[in-house]
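Worksheet for the structure shown next.
The values are calculated or read from the model by the stated rules, or taken from the named source; none is laboratory data. Small disclaimer: the values here were computed from a predicted structure and weren't measured. So basically every Cβ, Gly included, is an ideal-geometry build from the backbone, and we count neighbours across all protein chains shown.
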Amino acid sequence: MSRLSVAVIGAGMGGLASAAALSRAGVDVTVYEQAQRFTRLGAGIQIGCNAMKVMRAWDLEPLLRRAAFYPRSWNNKEYDTGEVRFDMVFGPAAEERYGAPYLLGHRGDLHAALASAVPENLLRLDHKLTAIEQRADRSVALTFANGHSTTVDAVVAADGVHSFVKERLFGRDEPNFTGRIAYRTVFPASLLNGYPIDDCTKWWGPDRHIVIYYVKPDRSEVYFVTSQPEPGFTVESWSATGDVNELRKAFDGFHPQVRKVLEACPSVHKWALVDRDPLPRWSAGNITLLGDACHPMTPYMAQGAAMAIEDAAVLSRCLKGVDRDGVAAAFRRFEATRKPRTSRVQASSRTNTWLKNPTDPDWVYGYDAWTTPIAEPALA
Ligand code: FAD
């Protein structure tokens, strides 16, 4: 039997994780990314124990431990008094309980770590997918903006919340704009002039919050991300430069620690916060969606990338040893295994209550994508 050929569309967290997993499962995989080069967006990312467990299998743990911050906890405090609502303690106890550490990193470092798990010759930059066609023999034909075209046994579309492939498979509809935006940035901790801040705290205000944490093991870089109402934000500019003075005004009444961080930050980006309801279907024939393309969520549980990374591990288990004729059934097993979990995280994330009060987080951090049972799809 010849090796199954799979094209992964998009080299974000989900696409790279898919390539890492599929190449180790004996699949002939190629990743097509529209960008000409990888850019290092100024943002942090929480790497949940559940995502770390997946990446352990690719030997990325030592690299990430060296690059990222190992926090004592994710603390949750009242926005003004600083009274502790719930302190979710991580560190060695959680590492033992969940089988992997909880780390706080720079997005660029996580992306680079995932890229290091994918042989360079499997990556094609400057390849924007512009056409996709499922053929009668189940193969899939792809065309790219640069004129390149190819035919493969199967396609994994990890092309993000504005997925082109989703639109082609199931029609066009915009994601749900929450009416809220996130300001975020990473900046040198030296700009705090020695002012001490917490390892990682979410400051809960009445209609807005801010999460602040270090992203480097030596505490040399600080990240924050906010969520606040801004119904008039033009959804066309999904990412734009924000005004730091407006941001400072918006968090005027917050604790001195928050105000100090916002005073020190030199510049910010702002993002529209979007999500979707769970899709009725993730795949059609030999084409499946993965990651934000099929289950985008608000960032309030810090689990979007973790879900895409978990998807990759389960997908590789479903596709292992499968030939072209078995792909469609494998994709349905993938969806049946993953959708209950990603739908629950989408719904829970939308409420923005995660860890606000004492919470049992075992169902999120304790999940192991390498051993969770593969589900059989319900008969149509
Ligand atoms: P993306 O990262 O969006 O990647 C899609 C890729 O596809 C891109 O590289 C794009 O260029 C490419 N692409 C698109 N169209 C085409 C095409 N036609 N042809 C070729 N390539 C194409 N998650 C966490 O786990 N922890 C966190 O702490 C966290 N914090 C967050 C904070 C904020 C403010 C936001 C907005 C999100 C946060 N997330 C977090 C969620 C996380 O960023 C996403 O869930 C994750 O990036 C999804 O990965 P993806 O690979 O599915 O999509």
Taking only the stretch 96-133 into account, find how many residues are away from the ligand (no atom under 16 Å from the Cβ) and more than 21 Å from the chain's Cα centre (by Cα). 5
Go through the residues of the stretch 25-39 one by one and say whether even a single one is touching a residue at least 12 places away in the same chain (Cβ under 8 Å), small (Gly, Ala, Ser) and buried (at least 24 other Cβ atoms within 10 Å of the Cβ). no
For the stretch 139-199, please list each of the strands (runs of 3 or more DSSP E) lying entirely inside it that holds at least 2 residues being more than 30 Å from Tyr70 (Cα to Cα) and in contact with a helix residue (DSSP H, G or I) (Cβ under 8 Å, 6 or more places away or on another chain). 154-157
Taking the conditions exactly as written (in contact with a Gly (Cβ under 9 Å, 6 or more places away or on another chain) and either more than 19 Å from Glu78 (Cα to Cα) or modelled with pLDDT under 95 (or both)), does Leu279 satisfy them or not? no
Which members of the stretch 200-228 meet the condition of being in contact (Cβ under 8 Å) with a residue 12 or more places away in the chain and part of a loop (DSSP other than H, G, I, E, B)? Gly205, Pro206, Asp207, Arg208, Val215, Lys216, Pro217, Arg219, Ser220
Val156: buried (at least 20 other Cβ atoms within 10 Å of the Cβ) and over 30 Å from Arg332 (Cβ atoms), yes or no? no
How many residues are β-branched (Val, Ile, Thr) and at pLDDT 95 or above if we restrict to the stretch 175-204? 4
Those residues of the stretch 342-380 which are touching a Cys at 6+ places or on another chain (Cβ under 7 Å) and surrounded by fewer than 21 Cβ atoms within 10 Å (Cβ to Cβ) amount to Ile374
Considering each residue of the stretch 75-91, count those that are modelled with pLDDT of 95 or more and either of a type in the set (A, V, I, L, M) or under 26 Å from Trp370 (Cα atoms) (or both), and give that number. 4
Output the residue which, of all residues in the stretch 58-104 that are in contact with a His (Cβ under 9 Å, 6 or more places away or on another chain) and buried (at least 18 other Cβ atoms within 10 Å of the Cβ), is farthest from Glu310 (Cα to Cα). Tyr79
Residues of the stretch 25-58 being assigned to a loop (DSSP other than H, G, I, E, B) and more than 7 Å from the ligand (Cβ to nearest atom), which ones? Ala25, Gly26, Val27, Gln36, Arg37, Phe38, Thr39, Arg40, Leu41, Gly42, Ala57, Trp58
Top-ranked residue in the stretch 8-24 [being surrounded by fewer than 24 Cβ atoms within 10 Å (Cβ to Cβ) and more than 9 Å from the ligand (Cβ to nearest atom); ranked as nearest to Val140 (Cα to Cα)]: Ser23
It is to be established whether one or more residues within the stretch 178-188 are among the polar types (S, T, N, Q) and within 12 Å of the ligand (Cβ to nearest atom). yes
Answer residue from the stretch 272-324, given it is of a type in the set (Asp, Glu) and within 12 Å of the ligand (Cβ to nearest atom) and is surrounded by the most Cβ atoms within 10 Å (Cβ to Cβ) among those: Asp311
Matching residues in the stretch 327-341 - criterion: being surrounded by 18 or more Cβ atoms within 10 Å (Cβ to Cβ) and out of contact with any Gly (no Cβ under 6 Å at 6 or more places or on another chain): Val327, Ala330, Phe331, Arg332, Arg333, Phe334, Glu335, Thr337, Arg338, Lys339, Arg341
